[in-house]
Each structure stands twice: as structure tokens, then as C-alpha cells.
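Peer 1: Supplied in C-alpha cells, the structure appears directly below.
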Amino acid sequence: MKSTGAWCFALGLLGCVVGCAPTKKTAAIATAGPAPAQARTKIAVLSVESDLFPKAARALNQALDAATFGAPRLEMLRPKASLEVIQLSIECVEATPSCYAAVGKSLGAEHVVLAQLLGGSKRRDKHVKVALTLFDTRRSEPVEVTAETYADERAAERGVAMLVEKARAAADRLPGKGGAQ
């Protein structure tokens, strides 16, 4: 009788093991885990510095800080360093597409928003040109350039928020990873 009880126990244990064993389907689910979040295209928005137009640079940086480029399809990166500082760190200081592409790649970004402040061509010319370039680092070329020339620095301070909004709208048209528009 003792052997019959042992056999019953062994058969019961075997039935439990076979019944509870994972099938191929449940094993695949168990090893897969939760679905990974879809990777988003990264866009780096760089600060601008200007000794000639510090107030316009400050207003431009504030407008860039407030803007959300490409949300929610794009992941916005906002490095603390300016374009010039990043270029110095990667030893590529020319204003060329290959250098801009290297800047974006060094930040791990597929796109970069570059801001520039340029002064008038003559000493008495107080005009300020503000240019925002949406740059594709993979293709090493600008996607869109949004620029405006203002009468002076004060006018530039007042106008840069609208200019940033135009550049943000251009970034919103960029496709995210995994899909084209």
C-alpha cells in the first residue's frame, strides 16, 4: 500500500508539472516582456551667443527654451553649450554642412536647430539678421532656414519669438522614427 501512495503522489506531481509547463506561446510572452517604447527622432536645439547683440541673444534663447520642437514625435535635446563651444570641443569650427552634421552626431541628434545673429555690413548699420536653421545631420544639409532682418537689436528682441515659432512649425513637419510624412 505504501507503494501505491507513492505512485499516486508521483503521478499527481507529473500531471502538475506537465499541466503547468509553459507552452511555446506562453514562453515567448514571458521572455518578450513589455513592448519597448518607440524610439523618437532626436532634435538638438542649440543656444546662441553674441557679444554684439547680447539682448537679442538672451531673448532668442528664452524663446528657444519655451518652444517644444516636434513634440511628441521628436525628442528635444537642449544642450547647455552653444554651437561655437560644441564645435570647439569636436575640433570642427567651420560654418560648413559637414561640421554642422558632426555637431549633431556628437549630440546623438538626427536634427539640429542652429541659431545665428549677424550684424549689419557697415559700422553704422544697426540691422540685426536672425537666422534659425533646421539641419538634418544624416543628410548633412539644411531642411529649412527661417530668417528675418530687424532694424536694430530692440526690434530683434521683440521679433525673435515669432521667428522661433516659424522654425518650430517647420520641425513639426519632420517625420519621427518609424514613419515618414
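The values are calculated or read from the model by the stated rules, or taken from the named source; none is laboratory data. Everything numeric here is computed off the predicted structure, so don't read it as measured data. All Cβ positions, even for glycine, are placed from backbone atoms using ideal geometry, and neighbour counts span all protein chains on display.
Peer 1: Against the definition (among the hydrophobic types (A, V, I, L, M, F, W, C), modelled with pLDDT of 90 or more, surrounded by 10 or more Cβ atoms within 10 Å (Cβ to Cβ) and on the phi < 0 side of the Ramachandran plot), how does Phe53 come out, yes or no? Walk me through how you get there before you give the answer.
Peer 2: On the way: among the hydrophobic types (A, V, I, L, M, F, W, C): yes; modelled with pLDDT of 90 or more: yes; surrounded by 10 or more Cβ atoms within 10 Å (Cβ to Cβ): yes; on the phi < 0 side of the Ramachandran plot: yes.
Answer is yes for this residue.
Peer 1: Sticking with this structure for a sec: With Leu64, Leu74 as the choices, which residue is in the same structural domain as Ala167 (by TED's automatic domain parsing), at pLDDT 90 or above and hydrophobic (A, V, I, L, M, F, W, C)?
Peer 2: The conditions single out Leu64.
Peer 1: A follow-up question, please. Ala102 versus (1) at pLDDT below 95; (2) of a type in the set (Gly, Ala, Ser); (3) farther than 19 Å from Val164 by Cβ; (4) over 13 Å from the mean Cα position of the chain (by Cα): which is the lone unmet condition?
Peer 2: Of everything listed in (1) at pLDDT below 95; (2) of a type in the set (Gly, Ala, Ser); (3) farther than 19 Å from Val164 by Cβ; (4) over 13 Å from the mean Cα position of the chain (by Cα), Ala102 misses just condition (1).
Peer 1: I'd like the residue in the range 103-138 that is of a type in the set (S, T, N, Q) and in a strand (DSSP E or B) and, out of all such residues, is surrounded by the most Cβ atoms within 10 Å (Cβ to Cβ).
Peer 2: Thr133
Peer 1: Right, next: Which of the residues belonging to the range 80-102 are of a type outside the set (Lys, Arg), assigned to a loop (DSSP other than H, G, I, E, B) and in contact with a strand residue (DSSP E or B) (Cβ under 8 Å, 6 or more places away or on another chain)?
Peer 2: Ala81
Peer 1: A further question on this structure: Give me a count of the residues in the range 144-157 that are surrounded by 16 or more Cβ atoms within 10 Å (Cβ to Cβ) and in a strand (DSSP E or B).
Peer 2: Number satisfying all stated conditions: 4.
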